[in-house]
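Each reported figure results from applying straightforward, stated rules to the coordinates on display, with no laboratory input. No experiment lies behind these values; they were computed from the predicted model shown. In this analysis, Cβ positions are derived from the backbone assuming ideal geometry, glycine residues included, and neighbour counts consider all displayed protein chains.
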Amino acid sequence: MPTLREIQLFELQMLKDVVKVCDDNNITYIISSGTLLGAVRHGGFIPWDDDIDIDMPLSDYKKFLKIAQRELGEKYFVQNYKTDKNYSEMWTQIRANGTTSMPVKDYKYKIHFGMCMDIFPLVGVSNDPKKRNKQKKALALNRMLLHDTYAKALDEPISSKLKLIYAIPRGIRRLICRINEHNIMLDPNKFEDCCEIWYSMDSVPAQSTSLFHTFSQVKFEDAYFNTYGDYKAYLSNMYGDYMTPPPKNERGGHADTLGDIIFDLNKDYSEYQKELSKS
């Protein structure tokens, strides 16, 4: 089991590899969320966490996905519901091949469980309440359509309504998701607000598109990375008094929300899935 610091340094290299692809191909990326918070408050990772998050404006996100697997090569797997048939999220993760980052309770869930970092597409949120509500409903539908394999793997209760929906062939459900994406993933520069496709549009505060007007760099560990020009406004909107760390009893990483996690920087997740299935 690697130490937290070893995990952090491994993910730092993942970030550098992804950023190189972005820089080489003129793709805008923005370190965000806990990664940006750690950079500003701690000069690097939040000491008790191992999170790497980056945002990309929608057009850059689409461009990145077209070239990422080729550019990153065999070292990594670009994971989303279009590349990993059982994946159930609405964003992309970069996974390191030959490694493991897997919640023990999820071992029956047959997706790539390598060490990972998150890439979130920044999308426009309509100022029209009716259109915004339509976006929310389309997003909620997509998440429901994608949730089947996870629910079955974890033996979650499935309602009669969901059983009927999951009886629809997976290929058709994925097609519906793509159509919905076309309707809800809009250029943020066309609206006053933008947000991340992330659980739901109410989970993360919408950010003003003025954040896209300027960019700056911030030091994270031993290198500088791109972020929002007015990153203080972004962090204040996300976290409030972001420079004050939470009380010690509220500090925690992924294991605190996902349960026991197997981390291994040298052993493939599939080996752990086999071992847990036998036991």
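For residue 229, nonlocal amide neighbours, meaning residues 5 or more places apart or on other chains whose placed amide H falls under 5 Å from its own, are 214, 215, 216. Averaging 1/r across all pairs of distinct Cα atoms in the range 58-108 and inverting the result yields a Kirkwood radius of 12.2 Å.
When only C-alpha pairs under 8 Å and at least 6 residues apart count, what is the relative contact order of the chain, in percent?
Relative contact order for the chain comes out at 25 percent.
Sorted fewest first by neighbouring Cβ atoms within 10 angstrom, 147, 112, 182 come out as 182, 147, 112.
What pairs from 82/278; 163/267; 136/248; 136/161 go past 28 Å between their alpha carbons? Please report the intermediate quantities before stating the final value.
Details: 82/278 30 Å; 163/267 36 Å; 136/248 35 Å; 136/161 20 Å.
Checking Cα-Cα distances, 82/278; 163/267; 136/248 exceed 28 Å.
In units of the rule-of-thumb radius 2.2 N^0.38 Å, the range 133-279 shows an alpha carbon radius of gyration of 1.38. Distant-in-sequence amide contacts of residue 186, defined by a placed amide H-H separation under 5 Å and a gap of 5 or more residues or a different chain, comprise 124. Between residue 161 and residue 224, the FRET efficiency from the beta-carbon distance, with R0 = 45 Å, is close to 0.35. In terms of overall dimensions, the C-alpha atoms belonging to the range 75-211 reach 42, 40, 23 Å along their principal axes, ordered largest to smallest. With θ set to phi - 60°, apply the Karplus curve 6.51 cos²θ - 1.76 cosθ + 1.60 along the range 94-102 and write out the HN-Hα couplings as whole Hz, x wherever there is a Gly or Pro. Those phi angles translate into 9, 10, 8, 5, x, 10, 9, 8, 9 Hz.
Would you mind giving the average projected area, over all directions, of the Cα convex hull of the chain in nm² with one decimal? Mind showing how you got there, number by number?
Working: hull surface 61.9 nm².
The number I arrive at for the chain is 15.5 nm².
Of the beta bridges in the range 1-157, as assigned by DSSP with both residues counted there, near 65 percent are antiparallel.
Take the Cβ-Cβ distance between residue 25 and residue 137 as r, set R0 to 35 Å, and report the resulting FRET efficiency rounded to the nearest 0.05.
0.50
Note on the range 1-83: Kirkwood radius taken over Cα pairs, Stokes-Einstein applied at 10 °C and 1.306 mPa s, translational D equal to 115 µm² s⁻¹.
Could you list the square roots of 5 times each eigenvalue of the Cα gyration tensor of the range 17-129, that is, the equivalent ellipsoid semi-axes, sorted largest first and rounded to whole Å?
Working: eigenvalues 94, 74, 56 Å².
Taking √(5λ) for each Cα gyration eigenvalue gives 22, 19, 17 Å.
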